[in-house]
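**Student:** The structure's right below; bear with me while I get my questions together.
Laboratory data are not the source of any read-out in this text; all were calculated from the coordinates shown. If you're wondering where the values come from, they're calculated on a predicted model, not measured in any experiment. Ideal geometry is used to build each Cβ from the backbone, glycine not excepted, and the neighbour counts take in all protein chains shown.
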Amino acid sequence: EYEGVVVNSNVFEINVIIVDSETNVDCNEWDLNGKWLPVGGDNTVEPNTMFIFEDGLRYTVYCTESCDWEALGIEDAIPTPLEYFYDYENCLLTTDLNFGNYVTWVTQFVCDEQVLRAYVVETGAEIIFYRPGYDISQCDE
């Protein structure tokens, strides 16, 4: 689906450029900001966690019953003395998990940018996120 992947790697830098082969849209034109729900392991589990990416910070919101994800926001995020910074550049989403721990994903937006596929750079493991209000069962990309 995607072509034009260029990786230059050393201790200090990883550059990845991914261009959609059908639309020639650079992934940097996609918008990561906002609310994202992770898909459960069996793709049917109602999520109990939402991540909000805004202004370089990742917020975590938990909800266990009758969750109206669209109504919940940063003010509902768990209080924490630690800040989870993130950087989104050249299709790479890097999250600072604190204490020298980072995770970096190569990202791919599908289904009209309502679904985010993220692949862990170190392992290749995939995690899928979707926007609140979007019916993930409708995405077949």
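**Student:** Modelling each spin label as a point 7 Å along the Cα-to-Cβ direction, I'd like the S66/E141 distance in nm, to one decimal.
**Tutor:** 3.5 nm
**Student:** While we're on this one: Give the residue list of chymotrypsin sites (Phe, Trp or Tyr not before Pro) in the stretch 34-121 that are DSSP loop and have at most 10 other beta-carbon atoms within 10 angstrom.
**Tutor:** Working: sites: W36, F51, F53, Y59, Y62, W69, Y84, F85, Y86, Y88, F99, Y102, W105, F109, Y119; in loops: W69, Y84, F99.
Counting only loop positions with at most 10 other Cβ atoms within 10 Å, the chymotrypsin sites (Phe, Trp or Tyr not before Pro) in the stretch 34-121 are F99.
**Student:** Continuing with the same structure: Please state the charge dipole magnitude for the stretch 39-141, taken about the Cα centre, from unit charges on C-beta atoms (+1 on K and R, -1 on D and E), reported in debye and rounded to the nearest 20.
**Tutor:** Details: 3 positive and 20 negative charges, 57 e Å.
My answer is approximately 280 debye.
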